[in-house]
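A.B. asks: This structure is in structure tokens; I'll ask about it shortly.
The values are calculated or read from the model by the stated rules, or taken from the named source; none is laboratory data. What you see is a predicted model, and the numbers here were worked out from it, not measured in a lab. Quick reminder, even Gly has a Cβ in these numbers, built from the backbone with ideal geometry, and neighbours come from all protein chains shown.
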Amino acid sequence: MSDLHIVKWDACLKVIKDNLPLQAFKTWFAPIVPTKLENDVLTIQVPSHFFYEWLEEHYVGLLRKVIKKELGQNGRLEYSIIMENNSSNSSPHTLKLPATNRGALKNAPVSMPYSASEPQIRNPFIIPGLKKVHVDSNLNPSYSFENFVEGDCNRLAKSAGYAVAKKPGGTAFNPLLIYGGVGLGKTHLAHAIGIEIKNQYPNKTVLYVGSEKFAHQFIDAIKNGTTNDFIHFYQMMDVLIIDDVQFFAGKEKTQDVFFHIFNHLHQNGKQIILTSDKPPVEMQQMEQRLLSRFKWGLSADLQTPDLETRIAILEKKMYGNGIDLPSDVVEYLAYSINTNIREMEGALTSLIAQASLNRKAITLELAKQMIDKFVKNTAREVSIEYIQKVVCDYFDLEMELLKSKTRKREVVQARQIAMYFAKKMTKSSLANIGSHCGGKDHATVLHACRTVNNLAETDKQFKVYLSDLEKRLAMH
Ligand code: ADP
Ligand code: MG
């Protein structure tokens, strides 16, 4: 039973062989692998998109005949194509396409808005009655939920994303707009949602596309007179993920076409997921009617991850790559690069590369040298957390205590010193410094700074503390 597809395809091959020159048979039919037979649909795997097109162009008549002969009137053929994917993620994707007939094609020539460098999905089969098209979703399998570390900074966005993935189009979060600064995980999360939807609902058509690519495709479509095809293609999605919609700013025509696509999808209960580097209220040069639609669903922001989350992200990344680093190195990385996860990952990668090229052990020393070079150009400022860490190490205190509300004398003093350096060395507001140091308000921080200044003038020992700490902090 389970081998029926092989038996049937063998039978087809016999007929085909009789009808073709041997060379043609060897070239175009020998490499085909039958993969399954379900509900009269025989799926065959072909090595490339080109191969598929060639078969459709030259042998569709013959194929149709033999399929009818071997599988009966309802028999159909579906291709699965091993994607020619030369990107780094080389897990074999397959793209399934229903076989069709060239005659029908001529009447409905739809060219898909994809550039040639992409895995091809120039799939022209938007013909009523034909099986639904399978589109390559452009999802990066490593950007999964499993690889996405949860923290306070992203909890809302992550759980909203997860809810959407479980019930695409069926929650109030439509559209789901994920916004936040550079390198904070917007793209990762957008992919994760798409991947999860594909896992749960393999038949849903999911498409991830960057907004710039969308805009370019649209311009091409205008040039080629295929805007209708462009619109139809996008309106066909069950789940449309558009990354970095802020790039639509000022592009009126693109906004216009997106508006129509958006409406169509939304009205039909399809899920829309958008990302942006800012919330809707701050998007300039975006049509009001689009902005108001962005607010229909849920806007969830990604914030800068706290220290623990940053460490967890680094550890996950290392674990995924089979790398083990001393924990002081990991902490140092997480302490020093505190705004952008992409940069932090970049630093980790350079560090590993450095160490293996020079055959050096990865030590804290090496990490420090490397980080200094790595972030030289970005005029890095120390983070409050780094200051806290140095102060805690110096006074041999638990970081937890410093961040707590406790009023134990030695903690209070260390906390005040941390506040003082935070005010001096970072651009953080007093309120922000206070919130990092036991949830104090700005007046408390101001008071701490004054106290430290006073003590520095009157207390010799205290002055020594300060200058020691200053040296340590300067070394970071
Ligand atoms: P954005 O699109 O917001 O600029 P990305 O999604 O490209 O940021 O994320 C930058 C890098 O940081 C990616 O390698 C991503 O995997 C990683 N990253 C971001 N957030 C997380 C997280 N919560 N857990 C694990 N990795 C993350
Ligand atoms: Mg991004």
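A.B. asks: Does the range 149-159 contain at least one residue that is in contact with a Phe, Trp or Tyr (Cβ under 7 Å, 6 or more places away or on another chain) and farther than 19 Å from Asp238 by Cβ?
C.D. replies: Yes, there is a match, as at least one residue in the range 149-159 is in contact with a Phe, Trp or Tyr (Cβ under 7 Å, 6 or more places away or on another chain) and farther than 19 Å from Asp238 by Cβ.
A.B. asks: Does at least one position in the range 273-281 carry a residue that is within 16 Å of ligand 2 (Cβ to nearest atom), closer than 17 Å to Val164 by Cα, touching a residue at least 24 places away in the same chain (Cβ under 8 Å) and hydroxyl-bearing (Ser, Thr, Tyr)?
C.D. replies: Checked against the condition, which is being within 16 Å of ligand 2 (Cβ to nearest atom), closer than 17 Å to Val164 by Cα, touching a residue at least 24 places away in the same chain (Cβ under 8 Å) and hydroxyl-bearing (Ser, Thr, Tyr), the range 273-281 yields at least one hit.
A.B. asks: Additional query: Just checking, how many residues over the range 294-309 are near ligand 1 (Cβ under 10 Å from one of its atoms), in contact with a Leu (Cβ under 8 Å, 6 or more places away or on another chain) and over 24 Å from Phe262 (Cα atoms)?
C.D. replies: Residues in the range 294-309 being near ligand 1 (Cβ under 10 Å from one of its atoms), in contact with a Leu (Cβ under 8 Å, 6 or more places away or on another chain) and over 24 Å from Phe262 (Cα atoms): 1 in total.
A.B. asks: If I go through the range 425-442 residue by residue, how many of them are closer than 17 Å to Lys403 by Cα and either over 41 Å from the mean Cα position of the chain (by Cα) or among the aliphatic types (A, V, I, L, M) (or both)?
C.D. replies: Summing the residues that are closer than 17 Å to Lys403 by Cα and either over 41 Å from the mean Cα position of the chain (by Cα) or among the aliphatic types (A, V, I, L, M) (or both) in the range 425-442 gives 3.
This table checks each residue for (1) part of a helix (DSSP H, G or I); (2) loosely packed, with under 15 Cβ neighbours inside 10 Å.
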position	(1), (2)
Lys26	yes, yes
Thr35	no, no
Ile67	yes, no
Glu78	no, no
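A.B. asks: So if I check each of Glu196, Glu212, which one is of a type outside the set (A, V, I, L, M, F, W, C) and closer than 23 Å to Gln303 by Cα?
C.D. replies: Answer to the check: Glu196.
A.B. asks: I would also like to ask the following. Give me the pairs: first residue in the range 146-166 and without any contact (Cβ under 8 Å) to a residue 24 or more places away in the chain and closer than 14 Å to Ala190 by Cα, second residue within 13 Å of ligand 1 (Cβ to nearest atom) and in a loop (DSSP other than H, G, I, E, B), beta-carbon distance under 7 Å, and six or more apart or on different chains, which are they?
C.D. replies: Nothing qualifies.
Yes/no per residue for (1) over 22 Å from Ser467 (Cα atoms); (2) surrounded by fewer than 22 Cβ atoms within 10 Å (Cβ to Cβ); (3) in contact with an Asp or Glu (Cβ under 7 Å, 6 or more places away or on another chain):
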site	(1), (2), (3)
Leu402	no, no, no
Lys405	yes, yes, no
Lys408	yes, yes, no
Arg415	no, no, no
Thr426	no, yes, yes
Asn432	yes, yes, no
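A.B. asks: While we're here: So in the range 261-278, with the set limited to residues that are surrounded by 16 or more Cβ atoms within 10 Å (Cβ to Cβ) and more than 16 Å from Val239 (Cβ to Cβ), which one is nearest to ligand 1 (Cβ to nearest atom)?
C.D. replies: Asp277
A.B. asks: Separate question: Regarding the range 345-366, can at least one residue be identified that is within 16 Å of ligand 2 (Cβ to nearest atom) and outside the structural domain of Lys424 (by TED's automatic domain parsing)?
C.D. replies: yes
A.B. asks: Looking at this structure, is Phe258 part of a helix (DSSP H, G or I), in contact (Cβ under 8 Å) with a residue 12 or more places away in the chain and more than 16 Å from ligand 1 (Cβ to nearest atom)?
C.D. replies: yes
A.B. asks: So which residues in the range 299-344 are within 16 Å of ligand 2 (Cβ to nearest atom) and under 17 Å from the mean Cα position of the chain (by Cα), if there are any at all?
C.D. replies: Scanning the range 299-344 gives Ala300, Asp301, Leu302, Gln303, Thr304, Pro305, Ile313, Asn340, Ile341, Arg342, Glu343, Met344.
A.B. asks: Does any residue of the range 287-309 turn out to be charged (D, E, K, R), closer than 23 Å to Val382 by Cβ and either assigned to a helix (DSSP H, G or I) or at pLDDT 95 or above (or both)?
C.D. replies: Within the range 287-309, one or more residues are charged (D, E, K, R), closer than 23 Å to Val382 by Cβ and either assigned to a helix (DSSP H, G or I) or at pLDDT 95 or above (or both).
A.B. asks: Please enumerate the residues belonging to the range 310-342 that are surrounded by fewer than 19 Cβ atoms within 10 Å (Cβ to Cβ) and within 11 Å of ligand 1 (Cβ to nearest atom).
C.D. replies: Selection gives Ala312, Glu315, Lys316, Lys317, Gly320, Asn340, Arg342.
Here's the yes/no breakdown for (1) modelled with pLDDT of 95 or more; (2) acidic (Asp, Glu); (3) within 14 Å of ligand 2 (Cβ to nearest atom); (4) buried (at least 19 other Cβ atoms within 10 Å of the Cβ):
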{"residue": "Pro175", "(1), (2), (3), (4)": "yes, no, no, yes"}
{"residue": "Gly181", "(1), (2), (3), (4)": "no, no, yes, no"}
{"residue": "Lys186", "(1), (2), (3), (4)": "yes, no, yes, yes"}
{"residue": "Ala192", "(1), (2), (3), (4)": "yes, no, yes, yes"}
{"residue": "Lys198", "(1), (2), (3), (4)": "yes, no, no, no"}
{"residue": "Ile222", "(1), (2), (3), (4)": "no, no, no, no"}
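A.B. asks: Touching a residue at least 12 places away in the same chain (Cβ under 8 Å), assigned to a strand (DSSP E or B), buried (at least 19 other Cβ atoms within 10 Å of the Cβ) and within 16 Å of ligand 1 (Cβ to nearest atom) - does that describe any residue in the range 235-242?
C.D. replies: yes
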